[in-house]
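A short write-up of the structure that comes next.
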Amino acid sequence: MLVQVVKSKIHRVRVTQADLNYIGSITIDETLMEAANLVEGERVQIVDINNGERFETYVIKGDRDSGTICLNGPAARKVAIDDIIIIIGYGFMDFEEAKSFKPSLAFPNETTNRLD
């Protein structure tokens with residue numbers, strides 16, 4: 001049996017941009033992507049701490065060390081610049097493997113969106 005578990009998480013990062021006219025997705029600083037073990041095109045869940053919104057989109061790689069967190073397309077309507085969000089990636093794995101699996105977690109500075 002396969003179960004879906006948290007694979008990756010960027011916990012409490014600040015939205016720096018929202019671009020309604022882009023085709024969709026979330027642009028994430030490449031350094032944060034690597035720290036959380038996320039890949040470009042991966043499906044992620046976004047949880048907005050400020051307004052309680054929960055939605056899914058996919059990842060686009062942003063400039064390394066830029067601190068960029070940009071919601072694009074329709075997702076731009078779900079957040080405001082400076083909102084604090086959590087980005088969660090999930091993976092499917094064997095039930096037994098899931099029991100001992102440890103997700104990749106990143107805890108950036110909320111002001112700079114950088115890892116301290």
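Table for the structure above
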| read-out | value |
| --- | --- |
| Per-residue HN-Hα couplings for the range 28-41 [Karplus 6.51, -1.76, 1.60; θ = phi - 60°; Hz; x = Gly/Pro] | 10, 3, 4, 5, 5, 4, 5, 4, 9, 6, 9, 10, 4, x |
| Low-density loop positions, chymotrypsin sites (Phe, Trp or Tyr not before Pro), the range 16-116 - DSSP coil, at most 14 other Cβ in 10 Å | F101 |
| Label of the coordinate-derived value, P(r) over Cα pairs in 10 Å bins from 0, in percent, listed as (i) 15, 51, 30, 5; (ii) 15, 48, 28, 9, 0; (iii) 14, 40, 31, 14, 1 | (ii) |
| Counting DSSP beta bridges with both ends in the chain, the antiparallel % (nearest 5) | 70 percent |
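Read-outs throughout are calculated quantities, based only on the coordinates presented, and are distinct from any laboratory measurement. Predicted model only: the values in this text are computed from it and were never measured. Neighbour counts run over all protein chains shown; Cβ positions are idealised from the backbone, glycine included.
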